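These notes concern the structure reproduced below.
Throughout, read-outs are computed from the coordinates displayed, never taken from laboratory work. Worth saying up front: this structure is predicted, and the values here are computed from it rather than measured. Glycine also receives a Cβ, built like all others from the backbone with ideal geometry; neighbour counts cover every protein chain displayed.
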Amino acid sequence: MDDELYRENLMDHYRHPRNHGTLEHPDCEAEGKNPLCGDEVEIDVAVADGRISEIRFSGNGCAVSQAATSMLTELVAGLPVGEAAALPSQAIIDELGIPLSAMRVKCAVLGLGTLKVALHRGAGTPLPAEWGADEDELVWG
Amino acid sequence: MTVTPNTSVDYDVTRIRADFPIFGRQVHGRDLAYLDSASTSQKPRAMLDAVTDFYSTSNANVHRGVYTLGIESTDAFEAARDAVAQLINAPSRREVIFTRNTTEALNLVAKTVGTERCGPGDVIVSTVLEHHANLVPWQVLAQQTGATLRFLDVDDQGNLQLDQLDAIAREGNVRIVAVTHQSNTLGVRPPVEALVRWARTQGALVVLDAAQTVPNRPVDVQALDVDFLAFSGHKTLAPTGIGVLWGREEVLAATQPFLTGGEMIRSVALDRTSWNTLPWKFEAGTPAYAEAVGLHAAIDYLQGVGLQAIDAHEHAITEYALGCLSEVPGLRVVGPPDAASRGGVVSFVLDDVHPHDIAEILDRHAVCVRAGHHCTQPLMQRLGHTATVRASFYLYTTTDEIDRLVVGLHDVRTVMGV
C-alpha cells in the first residue's frame, strides 16, 4: 500500500522518540493537550546564554503528535529562545514532510504550541493570540 | 472467518447497494467500504431523484402560494409529514414537527417544555450513554432553571444501571427523563421500557433520542409510550437539514413556541401575536420542504426493503463483525461483546495504537470508520478511553466490507509495529 503518511521517518520518531523524558530543573515547562482526540505532550526546557540548551518531552497520543514533537525537539535544540518562540507552524509541518488533513494539522503542531507556551511563560511574555492559550495552558479544540 | 452471517436469502444486499450511486466511486483506487452509517447514511438514487424532480417540477414556497406550484409544494411537504407519522405510528400528524436534525429537536424540547416545567426542587434524569445532543441541552436547562440533573451510570460494558432510580426519586420531583434508544458509540440498547414504567410512576415526561434506531428498525411511539421522540433525516437515507420531533399532542398544545416568525403564526398585531395550530406552531420560517420530500422518498425506500428485514440484516452483520474482530490480535471491543442486546455499531481499540492513526491507515484501504469520542465524552471518560474506533453498519453493509476492515486492521498492526 502507498504508505505516504506513515513514512519511515515519522514512524522512527514515534517508536524511538528523541529527547524523551523530563528535566530535573527546567527553566520553563508547559503541558498541551487536544481533548478532542486525547493527544497530550509535556515539554521541559533548559536555557543557557539565551539558547535552548536542553529540551525533553513526554506524552501520549497519535503517531503524528508524538513524532512531530520528537522532531521539534531536534529542530530547536541550541536555537536562540526568541527564534524558537517565533517558529512558524509550517516549519514542523515541513519537517514531517507528509500530507496532513486539516484535522491532523492540530496533532502536528501540538508540540510546537506547547513549546511556545513554555518559552513565553519563561520569558514572561504573552503567547501570540493565534495560539489560543487558555489559562496559561495550551488546549486545542 | 468462523461466523456465517444469518442473513435471509430474500435480502439481496448486492441489489440494495446498486441503488446507492456513491458505491460506484473509488477511494485510493479501491471500492468504498463505508462503515460510518451511525454518523450519516449514504443516499439511494430514488431519494436523490425525488429531490431533483421536486426542484425541477414543483418548487415554490409552502403554505403561501395559491398558484399550482405552491399547492403542489405544500401537498408534497405535508405528505412527507403523513409518511413520518405512519413510519413511527404517531396517533396524529399534528404531533410531527419538522426540525433541522435530532439535536435541534432535543433542544426544542429542553428550551420550551423544559423551561416551562422545571425549577428548583425538580429533577431531570439522563444517562452517561447520551450523545452530547441529549446531554448538553439538559445541562443548560438545569443551570438556567435551578433543577437538579442526575445521570444513570453504566457498567463497564455500557449496560445502563437502574439501581439509582429510587435514590434519584427521593431528591425531588422528577420532571423529565431523557434517554437514548441506542448508544451511537457502543450500539448498546438501554432498557427503555423499564425506564418509561418508572417515569410514569414519577409523573415525568420521557424524551427518547431515536437517531440511531428509526433508520434501521420498526419504531412505534405508541408501543414505546414515550412523550417525545427525535430523529434525523440524514441518518435515514434522507438529505441533511431535516429532522423530526414527535411529541404528545396535549403536551405540545400546552407549550409556548420555540422560534417565532413565519408559518408558526396565525395573526400579528404590533403589540401581540397569536400562534398557529399544531404542528406548524413549532415550525418557524421557511421549512426544509424539499428535504422533507427527500425524507418521504427515503421512508418509502426503507419500507420497500422492510425495516424488520433491515434490522435482521444489521444484526447478522454485527454478529459477523464481532466474530471477525475477535480474531484480530490486540483488539478489544468497547461495549457488549455479543450481538444480542445491541444495534449495528461496534466500538473498539487496538493495543495502544491511537484511533486516529487506525482510521487514517484504514482510509488507505478505502475503509471509512469514525475515530474519536463520537460526541460522547462523558461515556468515554466513564469507560476509561479518550477515543475509540467505531464501525457502524446499515442496510447496504456487506460481509466483504467487514473482511476488508479486518485486512486493514492487520495492516495497521504491521505499519504501527504492534
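Taking a straight Cα-Cα cut-off under 23 Å and skipping sequence neighbours fewer than 8 places away in the same chain, the lysines within cross-link reach of B:Lys235 are B:Lys43.
Within a straight-line Cα-Cα reach of under 19 Å, B:Lys111 can be paired with the following aspartates and glutamates, leaving aside sequence neighbours fewer than 8 residues apart in one chain: B:Glu95, B:Asp122, B:Glu130, B:Asp209, B:Asp227, B:Glu249, B:Glu250, B:Glu283. From zero outward in steps of 10 Å, how is the percent of C-alpha pairs of segment B:160-209 spread across the bins? That works out to 25, 56, 18, 1, in percent per bin. In a fully extended conformation the segment linking B:Glu116 and B:Ala167 would gain 15.9 nm over its present Cα-Cα distance, using 0.36 nm per residue.
Which net charge results when you count Lys and Arg as +1 and Asp and Glu as -1 among the other residues whose beta-carbon is under 15 Å from that of B:Thr277? Local charge sum for B:Thr277: -1. Ordering B:Thr185, B:Thr414, B:Thr240, B:Thr99 by the number of other Cβ atoms within 10 Å of each residue's own Cβ, fewest first, gives B:Thr414, B:Thr240, B:Thr99, B:Thr185. Which shape class, rounded, prolate or oblate, goes with chain B when its Cα gyration tensor gives a ≥ b ≥ c as root eigenvalues, a/c under 1.5 marks rounded, and past that a/b bigger than b/c marks prolate? In terms of gyration-tensor shape, oblate.
Highest mean first, the peptides B:282-288, B:324-330 sorted by other C-beta atoms within 10 Å per residue fall in the order B:282-288, B:324-330. Residues B:Glu249, B:Glu291, A:Glu8, B:Glu314, arranged from fewest to most other Cβ atoms within 10 angstrom of their Cβ, appear as A:Glu8, B:Glu249, B:Glu291, B:Glu314. Semi-axes of the equivalent ellipsoid of chain A are 23, 16, 13 Å, computed as sqrt(5λ) over the eigenvalues of the C-alpha gyration tensor in descending order. Rounded to the nearest 20 debye, the dipole magnitude of chain B is 720 debye, with +1 charges on Lys and Arg beta carbons, -1 on Asp and Glu beta carbons, and the Cα centre as origin.
Extension gain, B:Gln303 to B:Arg30: 0.36 nm times the residue separation minus the Cα-Cα distance gives 95.2 nm.
Over segment B:218-267, the Kirkwood radius and the radius of gyration, each from Cα atoms, give a ratio Rg/Rh of 1.04. Between B:Arg64 and A:Glu24, what FRET efficiency follows from the Cβ-Cβ distance if R0 is 51 Å, with the result rounded to 0.05? According to the calculation, E is roughly 0.10.
Remark: relative contact order (chain B) = 23 percent; criterion is Cα-Cα distance under 8 angstrom and separation of 6 or more residues.
Using Cα centres only, tell me the gap between segment B:15-75 and segment B:132-206 in whole Å. So the separation of the two Cα centres works out to 35 Å.
May I ask you to derive the FRET efficiency for B:Arg93 and A:Ser89 from their Cβ-Cβ distance with R0 = 41 Å, giving the value to the nearest 0.05?
Here the calculated transfer efficiency is 0.15.
Every helix of 4 or more DSSP H residues in the protein assembly as shown counts as -39500 (n - 2.57), and over all residues that averages to -11500 deg cm²/dmol at 222 nm.
In angstrom, the C-alpha Rg and Dmax of segment B:85-229 are 14.3, 41.
Could you work out the relative contact order of segment A:8-139, using alpha carbon pairs under 8 angstrom and six or more residues apart, expressed as a whole percent?
Relative contact order for segment A:8-139 comes out at 28 percent.
Summary of packing: across the peptides B:294-302, B:215-223, the per-residue average of other C-beta atoms within 10 Å ranks them, highest first, as B:294-302, B:215-223.
Structure remark: mean-square fluctuation, Gaussian network model of chain B, C-alpha springs under 10 Å; the largest value among B:Ile242, B:Ile317, B:Ile88 belongs to B:Ile88.
Hey, which lysines would be in cross-link range of A:Lys33, C-alpha to C-alpha under 18 Å, not counting anything within fewer than 8 residues on its own chain? Those lysines meeting the cut-off are A:Lys106, A:Lys116. The relative contact order of segment B:113-177, computed from alpha carbon pairs under 8 Å that lie at least 6 residues apart in sequence, is 45 percent.
Two numbers describe the Cα atoms of segment B:320-418: Rg and Dmax, which are 12.7, 35 Å.
The tail of the calculated P(r) for segment B:243-392, taken as Cα-Cα distances beyond 28 Å, holds 49 percent of the pairs. Given in Å, the Rg to one decimal and the Dmax to the nearest whole number for the Cα atoms of the protein assembly as shown are 26.3, 82.
Most simply put, the protein assembly as shown has about 65% antiparallel DSSP beta bridges, counting only bridges with both residues inside it. In this rough spin-label picture, where each label sits 7 Å from Cα along the Cβ direction, the B:Tyr55-B:Val268 distance is 2.8 nm.
Highest mobility in the GNM of chain A, judged by mean-square fluctuation with C-alpha springs under 10 Å and restricted to A:Asn19, A:Asn34, A:Asn60, is found for A:Asn60. Among B:Ala38, B:Ala238, B:Ala133, determine the one that fluctuates most according to a GNM of chain B built with springs between C-alpha atoms less than 10 Å apart. In this elastic network of chain B, the residue with the biggest mean-square fluctuation among B:Ala38, B:Ala238, B:Ala133 is B:Ala133. Exposure proxy shown here: for B:Arg17, B:Arg390, the number of other Cβ atoms within 10 Å sets the order, fewest to most, as B:Arg17, B:Arg390.
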